[in-house]
């Protein structure tokens, strides 16, 4: 049930994107009044990571669509918690927005105590992209396939090291879901960010790592090799890369990014903000640019966001509780 | 020669203009206490969207390069590092300025920065792919030992009282633990304040600890102007060049350190300059008085930090891993401009790499005249301006800087609280520099230790993880030497004195 839900949402989004090409009329009426000045988007991670770069694509096309600047404000700290614990203090006028990572905001408040927010505090108006996670090994690793990885883990329970970013984040969740589905036990080694996680993998300091397809796009990923992608279907960018599911292990794990707004924002403003960012995502070029950078553009419009978020919560709440134990 | 073609491509009028603007903007932002190089690059990033990719990279590179040098201006003249990279520059730069050699110190910093900048670009062009692989051999255990090596510098930062210095260092390490821990997801010392879940923000904390006490002192002392005599006027460029030539071993060693620390992810210019300074201090000749206005201190710090500009781009270009914090902005720029990353960049888009490198060479060279001119102009302005104007101006710049980086009032509060605390405990003999060192190196040591421990436990070889790897052993040897050498020197000097003593009778 969980698996089918984002799939339907994706179809909705895809249909929406197709429709947009022919009748764009549902957004511009509102967009003409907003924005009349620069909009700030707070990103709870440092510059250069997958979250920041996805926001920078928005930044570029936002200017083309609205004529106004989208200012990216990096506020790294606490694995994003610093930005999410403050996002409800933003002005509710549509000019102070926050990037929201799903399922991060489901996992973190449960996996870590005292992060200063709960999942219910987070309000989003539009999901704009997803990034699938991949299991990768160093390029010179003897492990060639996912089967061999599982066999290695079975041969030495708990001794195969698997890196990821942080504790209680998406990589940690992928590690857990994969271990459960494959029936194996490995050692999770947390790193500060995607960059250091990948460096440890490329240097062979860990046997494998959960990371993002974005790290292999644009010629990246030297010194590491993807075994399988935890997406629901193969990516056009990597047509030869099998999914975990087609190899017989029943799991997939992606991250989604959304435009977050403060709780106090009235619904008409929320709809306007959502419509403008929908228009940005429908701009010719942005989808192709993001696909080439390893993203899977995936738009969930305003009326669908609450339902999809609910499904993501239902899937990941048990994962978060398992990670604590 | 192929390089000449790239140099010519880089030498177009358009690029010269971009480089010049980048240098002026970079120096100005870098010299403002509180505005870091990362901030300077991030603020300039949207301007590059309309530029061709290589022009965008050259512009951001120039801003980065110049802001790294710009930080030394306030380090030397005001004893407050303009960027974290110039923390070590304050140690000898300000004493030189007080002794009447401010203009010489500025020229020295400029020359050392230019040399460092060129060495870094050379490393990028010449040996990027093998260098990047070497950086990868640094694992969690090596990062742990490297941080410990950096922490041995506390001993030299606190000559007056080692115990107080160590306590300051521990306070820094303690401050670095605030927030959600990377390796355990424990929330530590946040006192239920959401503002602290992200930890103590490093840049505002550094500004607070090192700049605020200076401003308070400026107000608390009577003199009307900054008491900086001028031994000789002019740029004193010839003297600076002679000093650099005399300190060429130091210059070479510091640039090498800049290359190695620059290519390590999670380190950067601040740590490179501190490590280079520590190394210079450890190999000091008896007539060199580090911490009291030793020109070699400035040479070490400024050449190392500017070398990281080029060398930090090695892992950025080859591996897609930023070597230093501002490189993350440059990485973002590359992805947005649709550039390939990895060895493919060198093979398929080699012209971009080489035109960029040529552009950075020009930027390094242009930094000499522009940097010298701006430096002396600011110097003259600071000496002539009464403290009643200067102190509020610096205070304002510090406050704005602390706020601007993340648009956060919390950062300003952190800056002021730590700054006032640093001033108070400074009066009791606890130095502030070791606090910064602990804050910078504490997380690297902690993460390295925990990760190495976890990997060691999983693979059943904890001892081998920490002590069995050749690179670790090399760093451990450096730590032992750093800790023991001063005592050996003292013992040798004492022996010398004793053997000469009978002659007095």
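Structure notes:
- Helices (runs of 4 or more DSSP H) lying entirely in segment B:394-505 (those with 1 or more residues that are over 30 Å from residue B:382 (Cα atoms) and more than 14 Å from chain A (Cβ to nearest Cβ)): B:433-459, B:462-467, B:470-504
- Residue, farthest from residue A:291 (Cα to Cα), within segment A:35-51, restricted to residues that are at pLDDT below 90 and under 12 Å from the mean Cα position of the chain (by Cα): A:49
- Enumeration of residues in segment A:205-256 that are more than 10 Å from every other protein chain (Cβ to nearest Cβ), assigned to a helix (DSSP H, G or I) and surrounded by fewer than 23 Cβ atoms within 10 Å (Cβ to Cβ): A:245, A:246, A:247
- Selected residue [outside the structural domain of residue A:178 (by TED's automatic domain parsing) and at pLDDT below 95] from A:281, A:290, A:265: A:290
- Condition met for residue A:163 (crowded, with 24+ Cβ neighbours inside 10 Å, in the same structural domain as residue A:227 (by TED's automatic domain parsing) and under 21 Å from residue A:220 (Cα atoms)): yes
- Within this structure, residue A:272 passes the test of being over 30 Å from residue B:464 (Cα atoms) and more than 14 Å from chain B (Cβ to nearest Cβ).
- Sole exception among (1) more than 9 Å from chain B (Cβ to nearest Cβ); (2) assigned to a loop (DSSP other than H, G, I, E, B) for residue A:153, by number: (2)
- Those helices (runs of 4 or more DSSP H) lying entirely in segment B:114-223 with at least 1 residues within 14 Å of chain A (Cβ to nearest Cβ), within 28 Å of residue A:74 (Cα to Cα) and touching a residue at least 24 places away in the same chain (Cβ under 8 Å): B:140-151, B:162-176, B:202-220
- Segment B:333-359: number of residues that are part of a helix (DSSP H, G or I), within 11 Å of chain A (Cβ to nearest Cβ) and under 13 Å from residue B:57 (Cα atoms): 4
- Of all residues in segment B:220-259, those satisfying the criterion of being under 29 Å from residue B:135 (Cα atoms) and crowded, with 17+ Cβ neighbours inside 10 Å are B:244, B:247, B:250, B:251, B:253, B:254, B:255, B:256, B:257, B:258, B:259.
- Among the residues listed as B:330, B:370, B:362, the single one being within 14 Å of another protein chain (Cβ to nearest Cβ), part of a helix (DSSP H, G or I), under 19 Å from residue B:10 (Cα atoms) and in contact (Cβ under 8 Å) with a residue 40 or more places away in the chain: B:330
- In segment A:182-204, residue farthest from the other protein chains (Cβ to nearest Cβ) [restricted to those that are surrounded by 24 or more Cβ atoms within 10 Å (Cβ to Cβ) and not in a helix (DSSP H, G or I)]: A:191
- Exclusive hit being at pLDDT 95 or above and touching a helix residue (DSSP H, G or I) at 6+ places or on another chain (Cβ under 8 Å), set A:168, A:203, A:116, A:163: A:163
- Test: residue in segment B:45-60 that is part of a helix (DSSP H, G or I), more than 14 Å from chain A (Cβ to nearest Cβ) and without any contact (Cβ under 8 Å) to a residue 60 or more places away in the chain: yes
The values are calculated or read from the model by the stated rules, or taken from the named source; none is laboratory data. Just so you know, these numbers come straight off a predicted model, no measurement behind them. Glycine also receives a Cβ, built like all others from the backbone with ideal geometry; neighbour counts cover every protein chain displayed.
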